[in-house]
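Contents: one structure, followed by commentary.
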Amino acid sequence: KKVEYILDTPVDQLKMSDIERDMSWYFDHHQKMVLASINPQIILMSEKNRCVKSFIEHATHRFADGIGVVKMSKWTKGSIKERVAGIDVMASVLEFCAANKKSIFLYGAKPAVVAQAARNIQIDYPGVVVAGWLDGYQKKSSGEVIDMINKAHSDVLFVALGSPKQEEWLQRYMPQLNATVFQTVGGSFDVYSG
Ligand code: UDP
């Protein structure tokens, strides 16, 4: 896997097919797969925010989400040409889950949004087990949120708290979370709820 640095942020040269191919390996080997969507805003944040930077450094797949990163790569004489949209990665994870009867947990967005996204995913991807969901505005402690997620025993955790909250949250709590695939998905639950 080729990695290049844009400013100080590592970004992987990845195609969607690389992510799809790797997914079964992580399940077979019980290793955590961390899918981090990288856009120019996150690259700039990571210059100042150690937590965001550390999250990106430890993520297994840092994909260029949008033309902005492709352009930044070109300006810094890099060679990332492929844009991989976060919403497409999420769709691909959901297809894998549907085919392999894997379960998911949705964390983030407004209560009505995440509940509707969960229902729509259940309809659009038969075979996916929706193990649970939780909105991103409740007043539970981090410990309670982690407990709730772990009790659901999901294979995949999607986190939609916006940036940098979602990156900071995963960086802090991933060691305590039991799942195989983790993805920061920004506004994707809003898309799925529509
Ligand atoms: N969000 C959340 N809790 C917060 C802030 C944001 O759950 O404290 C959710 C918001 O409802 C939306 C998602 O995070 O579903 C992404 O937010 P936004 O589009 O503002 O972030 P971006 O994707 O631009 O980073």
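None of the figures in this text is laboratory data; all of them are computed from the coordinates on show. None of these values were measured; they are calculated from a predicted model. All Cβ positions, glycine included, derive from the backbone under ideal geometry; neighbour counts span all protein chains shown.
In what sequence do Leu106, Leu170, Leu7, Leu177 fall when counting other Cβ within 10 Å, fewest first?
Sorted ascending by nearby Cβ count, the order is Leu7, Leu177, Leu170, Leu106.
HN-Hα J couplings of region 95-100 from phi, Karplus 6.51/-1.76/1.60, θ = phi - 60°, integer Hz, Gly and Pro as x?
Per residue, the Karplus-derived 3J(HN,Hα) values read 5, 4, 5, 5, 6, 10 Hz.
May I ask for the distance between the Cα centers of region 72-110 and region 134-171, given as a whole number of Å?
A separation of 18 Å, based on Cα centres.
Enumerate the calculated ³J(HN,Hα) couplings along region 135-140 in order (Karplus 6.51 cos²θ - 1.76 cosθ + 1.60, θ = phi - 60°), each rounded to whole Hz, writing x wherever the residue is Gly or Pro.
6, x, 10, 6, 9, 5
How large is the convex hull of the Cα atoms of the chain per residue, expressed in Å³ as a whole number?
Each residue corresponds to 105 Å³ of Cα convex hull volume.
For Lys71, which aspartates and glutamates qualify as cross-link partners when the Cα separation must be under 12 Å and same-chain residues fewer than eight apart are set aside?
Answer for Lys71, where 12 Å is the Cα cut-off: Glu82, listed by chain and number.
Using each residue's phi in region 32-47, evaluate 6.51 cos²θ - 1.76 cosθ + 1.60 at θ = phi - 60° and report the 3J(HN,Hα) Karplus result to the nearest Hz, with x for Gly and Pro.
After applying 6.51 cos²θ - 1.76 cosθ + 1.60, I find 7, 10, 10, 9, 10, 7, 10, 10, x, 4, 5, 4, 5, 4, 5, 5 Hz.
Compute the long axis of helix 142-151 from its Cα atoms, compare it with the longest principal axis of the Cα atoms of the chain, and write down the angle in degrees, 0 to 90, nearest 10.
70
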